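A short write-up of the structure that comes next.
The values are calculated or read from the model by the stated rules, or taken from the named source; none is laboratory data. Source: prediction; values computed, not measured. Note that each Cβ is placed from the backbone with ideal geometry, even for glycine, and that neighbours are counted across all protein chains shown.
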Amino acid sequence: MKKKFLIDTHMHTAEISSCGRIPAAELALRCRSHGYDSIVITDHLNQEFLSRLPFNDDWDKIIDHFLSPWEFFDKFGNEILIIQAHPFRDGNETVFPECIHGVEVYNGNPRHNNYDHKALDLCAANPQFYRLHGSDIHCDGDFGRAWMLFDEEIPDSHSFHAAIKQNEYSMGHP
Ligand SMILES: [Zn+2]
Ligand SMILES: [Zn+2]
């Protein structure tokens, strides 16, 4: 049987994400030991990072600095893949269907209710959307809670982007 390539598309490192508990090097080794061939790091821009900006107390200026979702999509939408993770999780319910390429329709994080069925409804209303699964690893116990399976090796973000665009993948979770 031809080898398939296993990817986890959602995880956080202790170095960058204030909620991440596992350092990047260890995270990579542990994903390897769970059988993953490639991983996607999805760190948050945490408070510490934002506090280094000269206008950290002015949210409007912070948004100007990082661009609004619409400006961001206009500027980078042709170059990179913009996927909204757990769009309906409690506390982050702002959904930007016109400035994303797809959504995470299964989030494995056991500490949140992600209302994944709403993400599937959003995809049904936007059939052009790519659908992704991700474990959302922050700490012990979060590994292997979701996966995506590819026919070809995915050595970097460009090949990931290309394979997603070709819809050459299947997905699953325990
Ligand atoms: Zn987090
Ligand atoms: Zn996350």
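Structure notes:
- Qualifying residue in the range 71-90 (condition: outside any loop (DSSP other than H, G, I, E, B), at pLDDT 95 or above and in contact with a helix residue (DSSP H, G or I) (Cβ under 6 Å, 6 or more places away or on another chain)): no
- Being aliphatic (A, V, I, L, M) and surrounded by 15 or more Cβ atoms within 10 Å (Cβ to Cβ) is a condition met by at least one residue of the range 115-124.
- Complete set of residues in the range 13-50 that are farther than 21 Å from I83 by Cα and at pLDDT below 75: Q47, E48, F49, L50
- Some residue of the range 64-80 being more than 27 Å from P127 (Cα to Cα), surrounded by fewer than 18 Cβ atoms within 10 Å (Cβ to Cβ) and over 19 Å from the mean Cα position of the chain (by Cα): yes
- Within the range 140-161, being loosely packed, with under 14 Cβ neighbours inside 10 Å and either within 16 Å of ligand 1 (Cβ to nearest atom) or closer than 14 Å to G102 by Cα (or both) holds for D140, G141.
- Pick from the range 36-54, criterion touching a residue at least 60 places away in the same chain (Cβ under 8 Å) and over 15 Å from the mean Cα position of the chain (by Cα), ranking: farthest from F143 (Cα to Cα): D37
- Of all residues in the range 112-125, those that are closer than 8 Å to H86 by Cβ have Cβ atoms under 6 Å from Cβ atoms of residues that are among the basic types (K, R), 6 or more apart or on another chain, in H112/R89; N114/R89.
- Filter result (part of a helix (DSSP H, G or I), under 16 Å from R145 (Cα atoms) and either within 16 Å of ligand 1 (Cβ to nearest atom) or among the polar types (S, T, N, Q) (or both)) within the range 4-38: L27, S33
- Among the residues examined, V105 qualifies as under 15 Å from the mean Cα position of the chain (by Cα), under 19 Å from I164 (Cβ atoms) and away from ligand 1 (no atom under 16 Å from the Cβ).
- R89 falls short on exactly one of the conditions (1) away from ligand 2 (no atom under 15 Å from the Cβ); (2) more than 14 Å from D142 (Cβ to Cβ); (3) of a type in the set (D, E, K, R); (4) touching a residue at least 12 places away in the same chain (Cβ under 8 Å), and that condition is (1).
- D60 vs. criteria in a loop (DSSP other than H, G, I, E, B) and without any contact (Cβ under 8 Å) to a residue 40 or more places away in the chain: no
- Against the numbered list (1) free of Cβ contacts under 8 Å to residues at least 40 places away in the same chain; (2) under 16 Å from the mean Cα position of the chain (by Cα); (3) under 19 Å from F150 (Cα atoms), M1 comes up short only at (2).
- Residues in the range 4-53 that are in contact with a Gly (Cβ under 9 Å, 6 or more places away or on another chain), closer than 17 Å to G134 by Cα and more than 12 Å from ligand 2 (Cβ to nearest atom): L6, L27, C31, H34, G35, Y36.
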